[in-house]
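In what follows, a structure is listed as structure tokens, so that the remarks can point back to it.
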Amino acid sequence: MPKDKLSTPVPESPPSPPAQPGVEMRMGRFLLLFCVSLAVLFGLLLAPFTEPAIRSFTTGLVTVSAQLIRVFGGHAAARGDILENPTSHFAIQMAYGCNGAHVTILLWAALLAFPASWMQKLKGLAVGTVAIHAVNLVRFISLFYLGQYRQSWFDFAHLYLWESLMMLDTLVIFWTWAYMVRKSGSMANASTR
Amino acid sequence: MRAPASPQFRFLLRGSSLLLALLALWWWVLLTPMLGGMRVATDLILRTLPGGSSVGSVTLGSGKDWVLRVPMPAALANQDSVQRAFGRAPGAPAVKVRSFKLAIAEGIPTFFLLSFPLFWALVLAAPRMRRLGRVVAIGTGLLALLAELSLLLYTAFSIEINLHLVTSSAAAAIWRGAEYLNVNVVPYLVPLLLAVWLHEGLRAQIFSREAPLVPVAATEATEADKPRRGRYRGR
């Protein structure tokens, strides 16, 4: 039987694989690094000196949202961190916690804590961040339209639905990256056998 | 032949669908009894605080607001900022402060209960496992504790905002940071961490170093391959 048959990973796996002793060891190390990274990154997010950069980033996201809406034929104008419909004058603000920074920090902390090469981490950070902010743009634009349609739906989607979905997406992005890291690791091991 | 969807993609689809369904169930069915339970628990906690047996309480105000009467320990009540907030004039004798009355919108405790449907959706979307009920029960219990702690921290922060109890700027910055995380991060982050921590199957799939390997079709396998394939499959 060819070696590559043995070492080719597939996305399918048993319903409930038993936890290995090594997994527990790695989990301890991962948890420690994850908590430290989380504390440092949230510390940076809340530090006064990062505030101007984060505000500029938020303003940029609102500008991109307005441009995207206009590209698809909608009406929207960006005024700083406020997205406004110039016709109905409905406006929503992208507040400090609504710019995807929290889930980005969560993903970064998980990526940095996971055992992988720095190149793999950098790729994960870049692609994962883009993926998160793509979802966040969809979220922000959908909230812009939902708010014009019905305020109660906007509140529910804003506070409960979208934030939870963003968490779920972040976990899936991290899981996909971790899977690819493991896959490339097992490929490398197989090629050196 | 179509390739099977990856476990991550299936988890995303299952998780999103379950989240929608469980959020609806939570919002229309479970939320009212959960809020009732949280109000009773908060009332009991306020009554067990020092000096709280006679003054600590939670009642429903107008517009479903929660009116919390939080007992004030003498050490806090006698602080200058508290005395000024309660109207003591300069040179006048100390005002007797037994409790602080705080009204919070029902949306605040509701928000702290959001962790439940998110946690349930994550563990139910994960690969099936034995003792799933136990995982759900432990996670739900821990989240109940967390929701109560978050509400108490929010209450403490609101009281501090009103009475300016923290004087040092460093302590105030840490306190503000803790409150920011309490309201903006913890209700979303903790259910995710709990799901990964408690659900062995999900944790193993994400963190296991060995990549899942191809279950080779029986027709393609030779006799010599069989034991080896079985060994890999068992990992």
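The values are calculated or read from the model by the stated rules, or taken from the named source; none is laboratory data. These figures come from a predicted structure and were not determined experimentally. All Cβ positions, glycine included, derive from the backbone under ideal geometry; neighbour counts span all protein chains shown.
Data table
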read-out	value
Residue list for region A:75-90, filter: among the aliphatic types (A, V, I, L, M), surrounded by fewer than 17 Cβ atoms within 10 Å (Cβ to Cβ) and under 14 Å from residue A:147 (Cα atoms)	A:82
Residue within region B:133-144 that is modelled with pLDDT of 90 or more, surrounded by 14 or more Cβ atoms within 10 Å (Cβ to Cβ) and either among the small types (Gly, Ala, Ser) or over 30 Å from residue B:20 (Cα atoms) (or both) present	yes
Per-region count, region B:90-121, residues touching a residue at least 60 places away in the same chain (Cβ under 8 Å) and in a loop (DSSP other than H, G, I, E, B)	3
Residues satisfying the stated conditions in region B:45-68, i.e. surrounded by 14 or more Cβ atoms within 10 Å (Cβ to Cβ) and either more than 29 Å from residue A:161 (Cβ to Cβ) or in contact (Cβ under 8 Å) with a residue 60 or more places away in the chain (or both)	B:45, B:46, B:47, B:49, B:51, B:52, B:55, B:56, B:57, B:67, B:68
Hits in region A:150-175 (condition: facing chain B (nearest Cβ under 9 Å) and more than 17 Å from residue B:195 (Cα to Cα))	A:155, A:156, A:159, A:160, A:161
Among (1) at pLDDT below 95; (2) outside any loop (DSSP other than H, G, I, E, B) - the single one residue A:75 does not satisfy	(2)
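Every residue, every condition in (1) under 30 Å from residue A:185 (Cα atoms); (2) among the aliphatic types (A, V, I, L, M), yes or no:
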| residue | (1), (2) |
| --- | --- |
| A:40 | yes, yes |
| A:48 | no, no |
| A:57 | no, no |
| A:63 | no, no |
| A:94 | no, yes |
